[in-house]
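Readers should treat all values here as calculations from the given coordinates under stated rules, not as data from a laboratory. Note that the coordinates shown come from a computational prediction; the quantities given were computed from them, not determined experimentally. In this analysis, Cβ positions are derived from the backbone assuming ideal geometry, glycine residues included, and neighbour counts consider all displayed protein chains.
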Amino acid sequence: MHLAILSDIHDNVWKLATALAHVRDCDAMICCGDLCSPFVIDELANGFPHDIHIVFGNNDADLFRITNKTRIHTNVHLHGEFFEADLDGLRIAANHFDYLARPIAQAGLHDVVCFGHNHVFGITRYGRTLAINPGPIMGAKFTPYGRVDVPPTFVVFDTATRTEDGFQIDADDRVVAYRPAG
């Protein structure tokens, strides 16, 4: 099973469309929050034909309309703030917040824990658990000194091989392999 992992869209439907075209053949998707507007549900559901599992982020303010949108798309599953499931024999969890997801990963109760929030791509192993932050589709992170542009990124995880591939969307809207320096 190939699992697409996205986060922190923040209404950037242009980069989202590029990412969705790349992951269209994945078997399922986890979205780690910060869709922002309800119309992003339609973009996800119409651009990805398989099951989409979504957790809320801190910028998903219109919960009423986001929740209502999910009711018209049978492939969209809204899980509140925490998602947990067995997918292809692996115990998978997702939460938006990095400071909550890391301790969940460190507890060792899951094979994979997905998260976002800080807009920093990262893949870390804590014992048996792989913690995946796919980075922001939005293409920016925020510091005390202001916004910093970063590549829009996402991850595809292969449950059979237990391997992950990072991708970035470049300035020409091409999807290329991504591994940050360091």
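Here is how the numbers come out for the structure above:
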quantity	calculated
Value of Rg to Rh for segment 29-96 (Rh from inverse mean 1/r over Cα pairs, i.e. Kirkwood)	0.95
Expected 222 nm ellipticity per residue - DSSP helices of 4 or more, -39500 (n - 2.57), all of the chain, to 500	-6000 deg cm²/dmol
Residues in segment 1-27 reached by a label modelled at residue 162 [backbone nitrogen below 18 Å; 7 Å Cα→Cβ]	1-3
Spin-label model distance (nm) - residue 84 vs residue 25, 7 Å beyond Cα toward Cβ	3.5 nm
Burial ranking of peptide ranges 133-139, 87-93 (average Cβ count within 10 Å, highest at the top)	133-139, 87-93
Peptides 102-112, 147-157 ordered by average Cβ neighbours within 10 Å, highest first	147-157, 102-112
The chain - convex hull of the alpha-carbon atoms, volume per residue in Å³	112 Å³
Alpha carbon convex hull of segment 88-169, volume per residue in cubic angstrom	85 Å³
